[in-house]
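Take a look at the structure set out below.
Here, each number is a calculation from the coordinates, and none is a lab measurement. Remember, predicted model here, so these are calculated numbers, not experimental data. Cβ atoms come from the backbone with ideal geometry, glycine included; neighbour counts cover every protein chain shown.
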Amino acid sequence: VRFEAALLEAAGADFAIAELEIEEPRENEVLVRVAATGICHSDLAVRAGDLELPTPVILGHEGAGVVEAVGARVTTVARGDHVVMSYASCGACRQCRSGRSTYCESKSDLNLSGHRGDGSTAYRRGEQTIYGHFVGQSSFGTLAIAHESAVIGVPKDLPFTALAPLGCGVLTGAGAVIEALRPPAGSVLAVTGVGAVGLSAVLAARVAGCATIIAVDVHESRLALAAELGATHTIDAREGDLSARLGEASGGRGLDFCVDTSGRPEVITAGFEALGIRGTEMVLGVSPAGSVLEFDPWSMLNRSVRGSRQGDVLPALFIPYLLELHAQGRFPFDRMITEFDSLAAINDAVAATERGDVVKAVLTL
Ligand SMILES: [Zn+2]
Ligand SMILES: [Zn+2]
């Protein structure tokens with residue numbers, strides 16, 4: 001079957017619309033007609049060459065659409081279902097079997113290799129192999145072959161543009177707070193970096209009943225949006241000593257929790273220094289390769305740092321939960337979306353994202 005995709009021919013290039021062929025789904029795969037796809041930082045990291053994948057490759061990992069066909073062993077969705085796509089997991093390793101599929105032992109093979117587990121791909125241009133299977137889906141195309149584990153059925157009354165970012169950015173930020181950190185009501189929580197992941201953490205902190213929610217960023221527009229979405233304090237990271245300002249905003253008691261999405265070692269360190277006793281910092285951001293954090297071991301006796309992959313969540317349970325909160329008006333994550341009206345607008349959407357003009361760009365196909 002022929003279809004169109006925004007192809008990355010080589011690292012560093014712009015995306016180019018190409019006509020390609022796609023296979024029928026294998027037994028554990030789902031063919032999805034993509035209706036909308038978000039742009040996320042990992043897509044930009046591959047394009048920049050910071051995350052290496054074989055090329056030419058179809059990226060995109062925040063897709064939403066309609067099931068066109070399913071493989072013989074697929075039982076969770078059927079043709080015509082509306083779905084959100086998230087990451088793939090094997091279902092068989094120790095982590096998957098204990099309900100920790102974000103830590104699947106085959107995660108890199110299934111999501112970041114550019115091909116299936118057996119080395120094949122579902123995509124061709126004439127005789128040429130096209131890589132894909134990115135984060136279980138490769139959603140920068142009008143059709144996508146997704147791993148069954150990456151596909152989650154959703155209600156049919158919701159716009160695809162709003163649904164698309166649920167599978168990665170929104171799920172990660174919200175999961176970090178609600179699933180991984182589980183702050184007690186009344187907690188003081190800071191979020192350093194309020195892009196899509198950070199704003200989702202702000203929204204989740206409000207759902208969790210945090211009393212003080214501090215948003216940190218360098219873009220005024222993002223801080224203003226964070227304040228509208230529930231941040232009680234905002235800090236421009238370019239002004240003054242960040243650790244001291246976080247301490248002030250906490251009312252002098254120190255942070256109970258800090259969620260970092262910036263990946264910048266100096267910001268992570270400032271967040272750690274602002275923690276109160278038994279405070280926890282969670283690292284979600286992608287740091288430049290070779291980054292090093294320095295901590296005084298004594299300070300680790302009563303404070304801690306941990307990381308999380310995709311907020312520790314099971315997407316099939318957590319995405320419906322977020323949609324329920326959204327329907328109640330308690331999780332208005334769609335406020336951070338800027339819509340671009342075609343796949344061909346992808347390079348404009350990428351440029352706007354890199355400039356910080358938009359928080360979450362979503363391409364509607
Ligand atoms: Zn992502
Ligand atoms: Zn696994």
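Computed over the chain, the alpha-carbon pair-distance distribution with 20 angstrom bins reads 31, 57, 12, 0, each value a whole percent.
Paramagnetic label reach from ALA244 (point 7 Å along Cα→Cβ; backbone nitrogen cut-off under 16 Å): within segment 179-219, no residues. Distance from the Cα centroid of segment 239-310 to that of segment 144-198 is 22 Å (rounded to whole angstrom).
When Rg and Dmax are taken over the Cα atoms of segment 208-365, they come to 17.5, 53 Å.
At 0.36 nm per residue, minus the direct Cα-Cα distance, what do ASN302 and ARG355 gain on full extension? Give it in nm, one decimal, please. Working shown, then result.
Values: separation 53, 0.36 × 53 = 19.08 nm, distance 3.87 nm.
Once the chain is fully extended between ASN302 and ARG355, it gains 15.2 nm.
Among 58-70, 330-342, sorting by the average number of other beta carbon atoms lying within 10 angstrom of each residue, highest first, gives 58-70, 330-342.
I'd like the FRET efficiency for ALA327 and ALA227, computed as 1/(1 + (r/R0)^6) with the beta carbon distance as r and R0 of 30 Å, rounded to 0.05. Present the calculation step by step, with values, prior to reporting the outcome.
On the way: r = 24 Å, r/R0 = 0.79.
Using R0 = 30 Å, I get an efficiency of 0.80.
For a modelled paramagnetic label at ASP109, 7 Å from Cα along Cα-to-Cβ, the residues of segment 83-98 in reach, with backbone nitrogen under 18 Å, are 87-98.
Amide H contacts under 5 Å for LEU275: LEU255, restricted to partners 5 or more places along the chain or on a different chain, H placed in the peptide plane at 1.01 Å from N. For segment 319-364, averaging the sequence separation of C-alpha pairs within contact (under 8 Å, six or more residues apart) and dividing by the residue count gives a relative contact order of 38 percent. Taking N as the residue count of segment 163-210, its C-alpha radius of gyration divided by 2.2 N^0.38 Å amounts to 1.05. Within segment 111-211, the GluC sites (Glu not before Pro) that combine a DSSP coil assignment with at most 16 other C-beta atoms in a 10 angstrom radius are GLU127. Taking other Cβ atoms within 10 Å as a rough exposure proxy, TYR87, TYR321 sort from fewest to most as TYR321, TYR87. Taking a ≥ b ≥ c as the square roots of the Cα gyration tensor eigenvalues, segment 120-226 comes out prolate, since a/c reaches at least 1.5 and a/b is larger than b/c.
Per residue of the chain, what 222 nm ellipticity follows from adding -39500 (n - 2.57) for every DSSP H run with n ≥ 4, rounded to the nearest 500? After summing the helix terms and dividing by residue count, I get -6500 deg cm²/dmol.
Please say if segment 42-98 is rounded, prolate or oblate, where rounded means a/c under 1.5 for a ≥ b ≥ c the square roots of the C-alpha gyration tensor eigenvalues, and otherwise the choice is prolate for a/b larger than b/c and oblate otherwise? Cα axes put segment 42-98 in the oblate bin.
Which order, highest average first, do 269-278, 289-298, 189-198 follow once you tally other Cβ atoms within 10 Å for each residue and take the mean per peptide?
Working: 269-278: 20.3, 289-298: 8.2, 189-198: 29.0.
My ranking of the peptides, most packed first, is 189-198, 269-278, 289-298.
Rounded to whole numbers, the Karplus 3J(HN,Hα) couplings from phi for segment 139-156 are 8, 7, x, 6, 10, 9, 9, 10, 5, 3, 5, 8, 10, 10, x, 9, x, 7 Hz, using 6.51 cos²θ - 1.76 cosθ + 1.60 with θ = phi - 60°, and x at Gly and Pro.
Take every Cα pair under 8 Å in the chain that's 6+ residues apart, average their separations, divide by the length, and report that relative contact order as a whole percent. Once normalised by length, the contact order is 17 percent.
Would you mind calculating the relative contact order of segment 166-247 from Cα pairs under 8 angstrom and at least 6 residues apart, reporting the percent as a whole number?
Working: 145 pairs, mean separation 22.0, N = 82.
About 27 percent, as a whole number.
Full extension of the segment from SER98 to LEU317, taken as 0.36 nm per residue of separation minus the current Cα-Cα distance, would add 77.4 nm. Roughly speaking, what is the centre-to-centre gap between segment 321-342 and segment 24-90 when only Cα atoms are used, to the nearest Å? Using only Cα atoms to place each centre, the spacing works out to 20 Å.
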